[in-house]
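Could you have a look at this structure, given as structure tokens, before my questions?
Read-outs: derived from the displayed coordinates by stated rules, not from any lab. Keep in mind the model is a prediction, meaning the values are calculated, not measured. Don't worry about glycine lacking a Cβ; one is built from the backbone with ideal geometry, like all the others, and counts go over all protein chains shown.
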Amino acid sequence: MSKISSNKGLEALLFIGFAFAVWLAMRISNTEVTRQINLELIALGGTVDGLWLEDSTSELNVIVEASGLDALFMNRFDQRLILFNSDDFFRTSKKSVYLLNVDIQTILQQEYGREYRFNWSGDSLIFPSSALVSKTLPVALLSPENISIPESHRWIQLPTLEPDSIECIGPEAMLTEFQPTVTAPSFVWDGMDQKELPLDKLPRYISANVNWLNLSASADAWTEVEQQLYLRFQNQDYPIILWLSGPMSTLVNAPESYVALEWRMEDQRLRVDIRSLAPGVEVLNYEPKYVQP
């Protein structure tokens, strides 16, 4: 008899538990929750269809609707900052970057789930942007000390970049403080030469019309020589002795190719002047300074 009573008590307890579960499920399924929240959509700076999008945050006042079990987990909306992929959603006009209502719906559903319904009063959300500009900027040669010459050599022409300026495209605010650069590798320079060097990596949102530049320079072994020229006056040649310093490849040629001899009459004498015609050639001395015809 006691065993029968015990079974009936257990069955009654199970029935009560089942009835409570059914009641609770019905209550939850009929639950409707509406909540108004302020969200912040975060867009990272970048180029969008020829416009520069600034790093920015736009505030959005949204009404969220949920029902059933979803209404019990509204605490997920405590996280109000949403960083979205601007490349996937932004639209552009000639002067602005913006999101449409459908874009915002998609962003919010990706963030919180498609089981929620979102409503807000606007039809588009505009983000601050500006047009990309083009500027011609000088190029700097970095680490020129990496370029060396042999011990007996001197520079005739120091290393220079060609072109020395390039056209860059990007946000005006970034171009104002930007200078493109080329970093010189380590090498020994000998003679007249030209090397092609890559432009250093540009910032993410700046582009250039060239990626390679030419580095030109000239260096040579240095020497001092004694040479002889003749000053011709009234069918007579007068010898002029020159002492010169300069690049060996130049000074092995005839002196007429790299120095100019000039004269003028002064107090019944011919005054002799010598000037260099070639880069690096220096006139150390010459004799005589005057010639008596």
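So how strong a dipole does the stretch 183-258 carry about its Cα centre when Lys and Arg Cβ are +1 and Asp and Glu Cβ are -1, to the nearest 20 debye?
Once rounded to the nearest 20, the dipole reads 440 debye.
Two decimals is fine: what's Rg over Rh for the stretch 32-131, C-alpha atoms, Kirkwood radius as Rh?
Ratio value, two decimals: 1.01.
Once you have a ≥ b ≥ c as the square roots of the Cα gyration tensor eigenvalues for the stretch 149-270, tell me rounded if a/c is under 1.5, and otherwise prolate or oblate according to whether a/b is larger than b/c.
Taking the square roots of the gyration eigenvalues as a ≥ b ≥ c, the stretch 149-270 is prolate.
What is the order of Tyr258, Tyr205, fewest Cβ neighbours within 10 Å to most?
By the 10 Å Cβ count, ascending: Tyr205, Tyr258.
On full extension of the chain, what length is gained from Ser96 through Asn209, given 0.36 nm per residue of separation minus the C-alpha to C-alpha distance?
Result: 38.1 nm gained on full extension.
Take the alpha-carbon positions of the stretch 133-221, form their convex hull, and give its projected area averaged over all directions (one quarter of the hull surface) in nm².
5.6 nm²
What is the distance, in nm, between label points placed 7 Å from the Cα along the Cα-to-Cβ direction at Leu158 and at Glu54?
4.0 nm
By how many nm would the segment from Gln268 to Trp243 grow when fully extended, if each residue of separation counts as 0.36 nm and the alpha-carbon distance is taken off?
That pair, Gln268 and Trp243, stretches by 6.4 nm at full extension.
All other residues with a Cβ under 14 Å from the Cβ of Arg232 taken together, and with Lys, Arg as +1 and Asp, Glu as -1, what is their net charge?
Net charge around Arg232: -3.
Could you tally the net charge around Trp52, taking each other residue with its Cβ under 13 Å from the Cβ of Trp52, Lys/Arg +1 and Asp/Glu -1?
Its environment carries a net charge of -2.
Once the piece of chain linking Leu81 and Gln292 is laid out straight, how much longer is it, given 0.36 nm per residue of separation minus the C-alpha distance between them?
That works out to 66.4 nm of additional length.
Residues with beta-carbon under 12 Å from that of Pro159, excluding Pro159: net charge, scoring Lys, Arg +1 and Asp, Glu -1?
Local charge sum for Pro159: -3.
For the stretch 222-291, what class follows from the C-alpha gyration tensor (a ≥ b ≥ c being the square roots of its eigenvalues): rounded when a/c is under 1.5, otherwise prolate if a/b is larger than b/c, else oblate?
prolate
Between Asn285 and Glu145, what is the label-point separation in nm under the 7 Å Cα-to-beta-carbon projection?
3.8 nm
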